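Each value in this text was obtained by applying a stated rule to the coordinates, not by laboratory testing. Worth saying up front: this structure is predicted, and the values here are computed from it rather than measured. As a convention, Cβ positions derive from the backbone with ideal geometry for all residues, glycine included, and neighbour counts pool all protein chains shown.
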Amino acid sequence: MRGRVIKIERICSRAGVIEEPAITSKGYQLADPAHGKNKHHAEFAVYAITLDDAANLIAKGFSLWMGAKGKRASLIAPKSLRIVRGQDGFAA
């Protein structure tokens, strides 16, 4: 996998909305799979400062919180996410 992460998408978004990774003052919010069925609890949240950091955690099995304007964020499993990377040397 080459290039910087430019976007993380949900493969099948909810109808009529464009979901984006949930970002807080601490960074992008993810859930650690080590906590099993309790991984969605706030005390087990893990934060990534950049999309690249988030993508690395997703590759290790972490789930990502995603939301849309006017919609509550949901926890999305790694298999339901697509990592979009830019080409090396490409300036956006």
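Evaluate the relative contact order of the chain (contact order divided by residue number), counting alpha-carbon pairs under 8 angstrom at least 6 apart; express in whole percent. Before the final figure, lay out each step's value.
Values: 158 pairs, mean separation 36.4, N = 92.
Once normalised by length, the contact order is 40 percent.
For Rg/Rh (Cα atoms, Kirkwood Rh), the candidate list reads [x] 1.45; [y] 1.42; [z] 0.97; the entry that matches the value derived from this model is [z].
Given the rule -39500 (n - 2.57) for each run of at least 4 DSSP H residues, summed and divided by the residues of the chain, what is its mean residue ellipticity at 222 nm, to the nearest 500 deg cm²/dmol? Please list the in-between numbers first.
Values: 1 runs with 9 residues, N = 92.
That comes out to -3000 deg cm²/dmol.
Site pair R82 and S13 shows an inter-label distance of 1.1 nm when each label is modelled 7 Å from Cα along Cα→Cβ.
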